[in-house]
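Let me begin by presenting the structure, written as structure tokens, before commenting on it.
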Amino acid sequence: MHVNLKIHRFHPEQDKKAHWETYKVECEPGDRVLDLLNHIKWYVDPTLTYRRSCAHGICGSDAMLINGRNRLACKILIKDLAKDGGTITVEPIRGLKVEKDLLVDMEPFFESYRAVLPFFINDDPVPAGERLQTQEDRERFDQGTKCILCAACTTSCPIFWVNGRYLGPASIVQAHRFIFDSRDKGTSERLNILNQNTGVWRCRTAYNCTEACPREIPVTQLIEEVKRAVMYQQV
Amino acid sequence: MHHRYDVLVVGAGGSGLMSALYASKNKNVSVAVISKLYPTRSHTGAAQGGVGAALGNVSEDHWEWHMFDTVKGGDYLTDQDAAEVFSKDVIEAVYELEHMGLPFSRLPNGKIAQRKFGGHTKEFGKAPVERACYAVDRTGHMILQTLYQQSVKSGVTFFNEYQVLDLIIEEGICRGVVAYDIATGEVHTFHAKAVVLAAGGYGRAFKVTSNAQTLTGDLMSIYYRKGLPLEDLEFYQFHPTGIAKMGILITEGARGEGGILRNDSGERFMERYAPTIKDLAPRDMVSRAIYMEIREGRGLGKDKDYVHLDLTHLPREIIEGRLPDITDFARTYLGVDPVLAPVPIQPTAHYAMGGIPTTIDGECLASSTDIVRGLYAAGEVACVSLHGANRLGTNSLGDLIVFGRRAGVAAAKYAAEVGYEELPARADNFATAEIERLRSGSGTENAARIRKELQETMMDNVSVFRTDETMSTQMEILRELQARYKNVSVTDTGLRYNTELTEALEVGYLLDVSEAMTASALNRRESRGAHAREDYPDRDDDNWLKHTMAYRNMNVPGKVNIGYKDVVLGRFEPKPRVY
Amino acid sequence: MTRAKTFQDAKNQAHTNAELNWWIFMRVSGLILVFLVLGHIYMTFLQVSEADATFDAVVYKLSQPVWKLYDWLLLSLALLHGVNGARYSIEDYVRNRPNRFWVKTIFYTVVAIIFVIGSIGLFTISPEFAGPQ
Amino acid sequence: MYRGREGQWAFYLHRLSGLAILAYLLIHVLSISLFMLGEDAYMALHTVYEIPIFSIGLIFVTAGVLYHSINGLRIVIMDFTGRGLAYQRQLWYVTLFLTLLGSAYAAYVVGLRLLGGHG
Ligand SMILES: Cc1cc2nc3c(=O)[nH]c(=O)nc-3n(C[C@H](O)[C@H](O)[C@H](O)COP(=O)(O)OP(=O)(O)OC[C@H]3O[C@@H](n4cnc5c(N)ncnc54)[C@H](O)[C@@H]3O)c2cc1C
Ligand code: HEM
Ligand code: SF4
Ligand code: F3S
Ligand code: FES
């Protein structure tokens, strides 16, 4: 089969404005969008620029806006997007500055990530072996540990598009992973950060994040759990 | 641009982050990490199954047993001093990861959960033992995330999306590196007292691989280009269970949980190849068994070129609960639900046992005796010779944390003791010239096409089974591709995010490391571990119980000089390897 | 507010519950408003027609203390709820600091004036306004 | 346009309806307050309101209020219960349905009134 890949392109050193470019490519229904992008880059137009690495949805490099939804290019198959001869649109994720073609500046995203203290905090003396944790306590924060920091969620959030100061769902997921870890001792600091103007309260439960997450993390649910945790801590 | 750090770590995967974290615990030195990927994109994140350590949480276990399995799994080419350090230290290292917050799966008593894994046994080979500590089926992901989180916490300096182009080594002393800032196209010189290489493997030399597109053997090649040796490159592991055609890995943990390999008639064929531990035999054996089945016409599919990994007899909760990611892979990429139907699999290029030779403190070797001062290596890029001729599952993550830590500590200690060596004038000349050549637009070749030919021919000629003929052919092909590569140029002449340029550079690295690998394999006239020669099917301890050291011949292009290094024996005498 | 980069920053960071309180207020006031607003609409729009809402009728009704209270509660809750809701929007869409400051200032002033006018109106109503029935 | 699903549209509509009724409320309060200037001023504006178009406009205000209030309840349910989150999609369709029902009732009442010659 073949499809038309319509790509939003921008070359910072040549273009004043971004523009659409369409490529007709041969493919199999089971191909990933990443395979087609690779094909174009390798054999048709090598200037096409995007990030990628693992090619199977585990490194978080290649979140893009594909057919109007945030997806990992390596985790969405052609057959789920278009029929033979159909068109697939590919754009950079929104809300972050486009550096070149499909590649955006991720620094603001990681700045928000770092702002929620995304690391284990427990200054007690360590035991000789492991700290014990029950299976239930481990399960409590399992969902958040799956996050690959791909930014698909944050850049699908209508609030984040217009208000880049919002820490965003990805950061909240990271915070959740520690807040609900029975071994961690930094909970109140994290809840305090998320209790501020740029924190959880900016979330309007739009669910785009949940639908965009390639790791099937119930992002909105985790955000709501954090909201409640902040509330119960304060009242 | 010019930077100066006491310790520089190249690579931000498990080994790089571990080195950086432990180097930065030494308050007398400044530490920075350079990585061509954002750290959390490193391929350590793809590791699924677990990290092996004899914690004995599920059943009795001892580091000696682990050491034995490692040595035996490595077909006795493993250096036993490394294996001993490793088996002891990895226990402590796993606990340290737990203390850093790594969310291991748990047993009902609250301890770290462990499961069986290929080649890990109790009482020196009697029966499989639960040794792989795991975090669901994303152990590598959790290690990478946890180490990165700790790096954020301790404020490690990162240069992300900087691709290292050259090492500055003069008079046997490493003085820094030259790197290319992908965002701006600038070449930066990093002056350092000690450099730790942790840049991962080169699976992209093969067509079907579990490795990321970015695993292109950069630092191995850069090392090799300087006339320095690469050790044991002929030992390249093909993991038995990659998703057919795509190479995406299905963890051995799937068999650890009870998955069974079946051929076209549904037969559990591993019973014939490894009667005691069957599907949990070491990877080289299982991969060969699968190839044999396919060759003898018992494969499945249109081309009869894959076999089945059958999980359907396991309860849904086990499959979805303990192997959620691979369940997701099968569903996403194959449209196969492993709960209901067997998964088509085929061996996939997976792991380099060989690499930059190092001592057990991570110091890089310039020959079988001398070291390059100030240069360290750890992780897949390195060859401490822990894995010998074949790595056991879960021993790589262990390698990262044990030897990553040792290299970091050693590098920091060294850096704290010495002063800065002088940088040569225009240290970046070589790197700049290489980029200029590619950008000048004079060549006519397309790097991507060369890579494609390389990957296909490597897959045909130097994979699970090898012969003199296939490898000689491959040497010819490589010479030709090398020649063509000289004529490559890029069409994107921009400076910012010129990924066409960085990819073209990577193709150059792949070619060089393939050259060293093929020559090493052609040279070794025996079969051992992952190196299976049809023309020399037996292990030959009399002549070949030694490490290969491949040096580029700096005068004759395409010629590789082979040297040797002794295997460190000890506790365990080489014996035939049966399971 | 600067973003915390380290553990220490977070500890030192100004701590306020304002956003949490507003969040709770939006929900509580919303719940009350359901009854007030829907009741109001039902009584003044559906039950009686616009034509019936003559000057006298309105004045008569609003001269009763119960309805005064009802309507004043409605007025203040709805305005507070609405103003805070609008603040969310302003903070989201007006990203330029000085602009945001002016938009907020003007908006709050206008709403405050309207609130005062409404309240004065409501409480000055007495049956005498209606004139002879 | 991002192809978000129910949650995204629920949010946009909630925001839009909230702002719209706020705007209406402000105008509404001002116009009611006109009675302070006396009956004439009040009735002058009031007769304008009796034009059918305004009655129809009020149906939209009612629809907006209905949507906003019912969806507001949906939000509260989501915020405080796990079920609410799990069934947010279904709840939104219920919201739309009830809004439609209520608005239809309002339209019916007003329609009758208009036909009945009141206006
Ligand atoms: C799919 C898969 C599953 C696996 N599962 C297991 C398992 O269950 N258990 C186990 O023990 N092992 C497993 N392994 C093996 C193990 O994960 C890897 O060997 C290990 O992660 C390698 O880590 P590393 O730190 O050496 O390199 P990587 O994690 O690959 O990191 C390489 C780093 O080097 C950087 N880099 C590379 N080149 C350059 C350059 N030129 N300039 C600057 N930076 C550079 C990259 O940016 C990256 O940060 C698995 C491997 C794969 C592929
Ligand atoms: C009738 C009952 C009402 C209920 C149950 C209700 C409920 C809510 C709730 C729960 C929110 C918070 C939304 C969120 O945080 O995601 C909200 C927001 C809002 N409400 Fe109401 N409300 C009601 C009436 C009103 C009225 C009368 C007005 C106008 C005066 C109004 C204007 C707003 C505005 C502007 C927002 C902000 C929307 C946003 O930022 O998403 N509401 N409402
Ligand atoms: S929560 Fe999901 S979508 Fe968001 S960054 Fe993590 S993996 Fe990506
Ligand atoms: S899309 Fe945005 S508004 Fe909340 S539910 Fe997700 S963060
Ligand atoms: S390339 Fe790694 S997630 Fe897509």
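None of the figures in this text is laboratory data; all of them are computed from the coordinates on show. Treat the numbers as computed from the prediction; the structure is a model and nothing was measured. When we count neighbours, we look across all protein chains shown, and the Cβ atoms used for this are built from the backbone with ideal geometry, even at glycine.
What is the ratio of the Cα radius of gyration of the stretch A:2-104 to 2.2 N^0.38 Å, where N is its residue count, to two decimals?
Scaled against compact globular proteins, the figure is 0.99.
Going out from 0 in 20 Å bins, what whole percent of all Cα-Cα distances in the protein assembly as shown drops into each bin?
Taking all Cα pairs of the protein assembly as shown, the binned fractions are 12, 39, 30, 13, 6, 1, 0 percent.
Give a quick list of GluC sites (Glu not before Pro) in the stretch B:133-214 that DSSP marks as loop, anything other than H, G, I, E or B, with at most 10 other Cβ atoms within 10 Å.
B:171
Restricting to Cα pairs below 8 Å that are 6+ residues apart, what does the relative contact order work out to for chain D? Please round to a whole percent.
Computed over chain D, the figure is 32 percent.
When only DSSP loop residues count, what trypsin sites (Lys or Arg not before Pro) in the stretch C:11-107 have their Cβ near at most 15 other Cβ atoms within 10 Å?
In loop regions of the stretch C:11-107 (DSSP not H, G, I, E or B), the sparsely surrounded trypsin sites (Lys or Arg not before Pro) are C:95.
Over the Cα atoms of the stretch B:242-347, what radius of gyration and what Dmax do you get, in Å?
Cα-based Rg and Dmax for the stretch B:242-347 come out at 12.7, 36 Å.
Hey, if you drop one equal point scatterer on each alpha-carbon of chain B and run the Debye formula without solvent, what base-10 log of I(q)/I(0) do you get at q = 0.10 Å⁻¹?
Values returned for q = 0.10 Å⁻¹ are -0.78.
Which FRET efficiency, nearest 0.05, do residue B:468 and residue A:4 yield, Cβ-Cβ r, R0 56 Å?
Given R0 = 56 Å and the Cβ-Cβ separation, E is 0.70.
Give me the base-10 log of I(q)/I(0) for the stretch B:429-537 at each q in 0.16 Å⁻¹, Debye formula, one uniform scatterer per Cα, rounded to two decimals.
Calculated log10 I(q)/I(0) at the listed q: -0.72.
As an exercise, take the mean of 1/r over every pair of distinct alpha carbons in the stretch B:528-573, invert it, and state the Kirkwood radius in angstroms.
12.9 Å
Taking the square root of 5 times each eigenvalue of the Cα gyration tensor, what semi-axes in Å does the equivalent ellipsoid of the stretch B:474-571 have, largest first?
35, 15, 13
Can you list residues whose amide H is under 5 Å from residue A:89's amide H, if they're 5+ apart or on another chain and H is modeled 1.01 Å from N?
The list, which skips near neighbours in sequence, is A:6, A:67.
Would you kindly state how much longer the chain becomes between residue A:87 and residue A:17 on full extension, computed as 0.36 nm times their sequence separation minus their alpha carbon distance, in nm to one decimal?
This chain segment gains 22.9 nm when fully extended.
Sort all Cα-Cα distances of the stretch B:157-219 into consecutive 5 angstrom bins from zero, then give the percent of pairs in each bin up to the one containing the longest distance.
Taking all Cα pairs of the stretch B:157-219, the binned fractions are 4, 16, 21, 22, 18, 12, 6, 2, 0 percent.
Once you measure Cβ to Cβ distances between cysteines in the protein assembly as shown, which Cys have no partner under 4.7 Å?
A:27, A:74, A:147, A:150, A:157, A:203, A:213, B:133, B:174, B:364, B:383
What do you get for trypsin sites (Lys or Arg not before Pro) in the stretch B:109-164 restricted to DSSP loop and a cutoff of at most 16 other Cβ within 10 Å of the site's Cβ? Can you show the working numbers first?
Details: sites: B:111, B:115, B:116, B:122, B:126, B:131, B:138, B:153; in loops: B:111, B:126, B:138.
Qualifying residues, ordered by number: B:126.
Suppose R0 equals 45 Å; then what is the FRET efficiency for residue A:43 and residue B:226 from their Cβ-Cβ distance, rounded to the nearest 0.05? Numbers along the way, then the final one.
Working: r = 33 Å, r/R0 = 0.74.
Calculated value: 0.85.
Below 12 angstrom from the Cβ of residue D:22, what's the summed charge of the other residues (Lys, Arg +1; Asp, Glu -1)?
Once all neighbours under 12 Å are counted, the net charge is +2.
At a Förster distance of 22 Å, what's the computed FRET efficiency of residue D:31 paired with residue C:27, Cβ-Cβ distance as r, to 0.05? It would help to have the intermediate numbers written out before the result.
Numbers: r = 30 Å, r/R0 = 1.35.
It comes to 0.15.
Hey, can you list the DSSP H helices of chain A whose Cα span along the axis is 20 Å or longer and whose average Kyte-Doolittle score is at least -1.0? All intermediate terms of the calculation are to be shown ahead of the outcome.
On the way: long enough: A:219-234 (23 Å, -0.21).
The answer, listed by residue number, is A:219-234.
Return the calculated 222 nm mean residue ellipticity for the protein assembly as shown, to the nearest 500 deg cm²/dmol, obtained by summing -39500 (n - 2.57) across DSSP H runs with n ≥ 4 and dividing by the residue count.
Helices in the protein assembly as shown give a 222 nm mean residue ellipticity of -14000 deg cm²/dmol.
Over 28 Å apart: what share of the alpha carbon pairs of chain A falls there, rounded to a whole percent?
The calculated P(r) of chain A puts 38 percent of pairs beyond 28 Å.
Among DSSP beta bridges lying fully in the protein assembly as shown, give the percent that are antiparallel, nearest 5.
Roughly 70 percent of the DSSP beta bridges within the protein assembly as shown come out antiparallel.
Determine how many Å³ per residue the convex hull of the Cα atoms of chain D encloses.
On the way: hull volume 14.9 nm³, N = 119.
Cα-based convex hull of chain D, divided per residue, equals 125 Å³.
Hey, can you grab everything whose amide H is under 5 Å from the amide H of residue B:372? Only 5+ residues off in sequence or another chain; H modelled, so Pro and N-termini drop out.
Those lying under 5 Å, H to H, from residue B:372 are B:364, B:365, B:366.
Hydropathy first: keep DSSP H helices in chain D averaging at least -1.0 on Kyte-Doolittle, then drop any whose Cα extent along the axis falls short of 24 Å, and list what survives.
Helix filter hits for chain D: D:6-33, D:52-80, D:88-115.
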